[in-house]
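Okay, so here's the structure we're looking at.
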Amino acid sequence: MKILMVSSEAAPYAKTGGLADMVSALSITLARLGHEVKIVIPRYYAVDKGKLELLPGAMGVPLGGGEEWSAVYSAVMPDTPEENPVRVYFIDHEVFFGRDGIYGTPFEPDFLDNPRRFTFFCRAAFQLCRKIGWSPDVLHAHDWPAAMAPVYLKFAERLSGGKVKTGFEKTVSVLTIHNLGYQGIYSKDNFRYTGLGWDVFYNAGFEDWNMMNLLKAGLYSADRLNTVSPNYAAETMLQVHGFRLDGVLRYRSADYSGILNGIDTNVWNPAKDPFIPEPYSGENMEGKAAAKEALQKEFGLPADRGAPLIGMVTRLTGQKGVGDLFGPAYGSAWPICRDMNLQMVLLGTGEAWCEHEITSLSSRLSNFKAKIGYNEGLSHLIEAGSDFFLMPSRYEPCGLNQMYSLTYGTLPIVRKTGGLADTVENYIEASGGGDGFMFDDLTPQAIYNTVGWAVWAWYNRHEHIEAMRLRGMRQDFSWEKSAKMYVDLYEKTRAKFGF
Ligand code: ADP
């Protein structure tokens, strides 16, 4: 199949979160399975065009009543199979993308002209295909910035104009929700940039309480919808997790499902991780003890093998439950660290209020140490050196850290939500079964009790802990499995149209 990924992020070029990793890893794996995959993303300022190849000739992109001109760059995605490389195309437009930030900056978190920037980008995806003379079988769009692409496909590009061919008459679309909390809601004044008629504003589902909702339009228009875990798919059809779009998702439930993200097992593998002092595996766990010691040293904690060490690596934002349920005086961290004989380390960066809670906690507790910042290497050491990994998320579409933890023999302590519920199995005290510890309630008490349960097992059922570690390490979270499910999804969607 010929597959076009339309996304605002793709690792290693532009990344703010899991979306970037998913788009690239899925594309590479699909290419390994023999499919022809191309990715289109904007050429942000931070992407050095000196390292890219410039396609000859400028490209006209209709926008509103006029036309904008774009240059197109391209590159071969690193680590793609040589015989079937994934090519990445970069849409270059000085006014829209020649600035710092992907969606915004700390001072302007959501650029005012985002609806215009991403409408332009989605439109450009189709022009690009015409420019390179390539018609995809599947257009796979990701999150709200790319949600206009399925709209254009359904309401413009797939409509055959008799003799004039668009090149997309036999293309189907899939839209993946990576986080329903971000929808791209703007004043409907911006609708004029789409160049679509006002009938489409209503028919495609843009309308949202007199505003324009880009994700909602995508959810109405894409031929197939999915999200990044089966449980999050089910949750988002409920009012509590639906961010006001649960009704739309229930309406589309026959075309909506979840596929768990995979992890990059080349990068996240304790047997060959360059960021940890010694490699280890289920057969020889000595390296894990060495990682624990290195981690304690890194954070200035006493080198104590006997005390359980709980790690966290997280964006510091409300979604992760770290700022309000965990950090403040009424949160769970303070009583946990006071009452239990354990050590805790946290690495994270994010919103100022949340960073402040964590920094202040770290200055008051001797067994809780935090570092504010983004540090890839240290995140590996935390996964390897910790005994437990805490994720008290409010919601978690998929979550990668719990899968990294299981792979590294570190037991996740998680709220039973989204992808966390799909990947972690709760400890069974009677038999020693399971591979982590889970709680339902979104309260500091629930976090306290569950961490307490894990610490109790550490001191009183250590043989269970050892067995759980090995069980987690045996799980298969590779992309291979998930990519095959996407292939199946693409095929089913095409079959619906008889393509
Ligand atoms: P989300 O995409 O919602 O942030 P995920 O668990 O899906 O959550 O993915 C987060 C990814 O970002 C993980 O790979 C995690 O290790 C990484 N990460 C988050 N914060 C940091 C940080 N401060 N330093 C290094 N890596 C981080």
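The angle between the Cα long axis of helix 462-473 and the longest principal axis of the Cα atoms of the chain comes to about 20 degrees, rounded to the nearest 10.
Surface exposure of region 286-473, expressed per residue as accessible area with a 1.4 Å probe, stands at 35 Å². Sites listed here are chymotrypsin sites (Phe, Trp or Tyr not before Pro) in region 203-250 whose DSSP assignment is loop and whose Cβ has at most 11 other Cβ atoms within 10 Å: 209. Restricting region 1-71 to chymotrypsin sites (Phe, Trp or Tyr not before Pro) that sit in a DSSP loop and have at most 16 other Cβ atoms within 10 Å of their own Cβ leaves 45.
Pull up the DSSP beta bridges for the chain and report the antiparallel fraction as a percent, rounded to 5. Within the chain, antiparallel bridges account for around 30 percent of the total.
Sites listed here are trypsin sites (Lys or Arg not before Pro) in region 262-338 whose DSSP assignment is loop and whose Cβ has at most 16 other Cβ atoms within 10 Å: 272, 305. Measuring nothing but how far apart in sequence close Cα pairs (under 8 Å, 6+ apart) lie, relative to its length, region 286-473 scores a relative contact order of 21 percent. By the gyration tensor of its Cα atoms, with a ≥ b ≥ c the square roots of the eigenvalues, what is the shape of region 1-137: rounded for a/c under 1.5, prolate for a/b over b/c, or oblate? Note, shape of region 1-137 comes out oblate.
Is the shape of the chain best called rounded, prolate or oblate, per the rule: a/c under 1.5 gives rounded, else a/b larger than b/c gives prolate, else oblate, with a ≥ b ≥ c the square roots of the Cα gyration tensor eigenvalues? Prolate, because a/c is 1.5 or more and a/b exceeds b/c. Look at where the Cα atoms of region 1-31 and of region 307-367 average out, and the two centres are 32 Å apart. Between 0 and 90 degrees, rounded to the nearest ten: what's the tilt of helix 18-32 against the longest Cα principal axis of the chain? That helix lies at roughly 70 degrees to the long axis. My understanding is that a pair violates if its Cα-Cα distance is over 25 Å; which of 320/492; 131/481; 49/131; 38/481; 416/492 do that in this structure? Over 25 Å Cα-Cα: 320/492; 131/481; 416/492. Rounded to the nearest 20, the Cβ-based charge dipole of the chain about its Cα centre (Lys and Arg +1, Asp and Glu -1) stands at 1080 debye.
Straight-line cross-link reach from residue 288 at under 21 Å between alpha-carbon atoms covers these lysines, not counting any fewer than eight positions away in the same chain: 272, 297, 369. By its C-alpha gyration tensor, with a ≥ b ≥ c as the square roots of the eigenvalues, how is region 286-473 shaped: rounded for a/c under 1.5, else prolate for a/b larger than b/c, else oblate? Rounded, because the longest to shortest axis ratio a/c is under 1.5. Each of the peptides 142-148, 465-471 was scored by the mean count of other Cβ atoms within 10 Å over its residues; in descending order, highest first, they stand as 142-148, 465-471.
The values are calculated or read from the model by the stated rules, or taken from the named source; none is laboratory data. Predicted, not measured: the structure shown is a model, and the values here were computed from it. Cβ coordinates were reconstructed from backbone atoms using ideal geometry, including for glycine residues, and neighbour counts include every protein chain displayed. Just the protein is used for accessible areas: all its heavy atoms, side chains included, with ligands, DNA and RNA removed. Shrake-Rupley method; radii C 1.70, N 1.55, O 1.52, S 1.80 Å.
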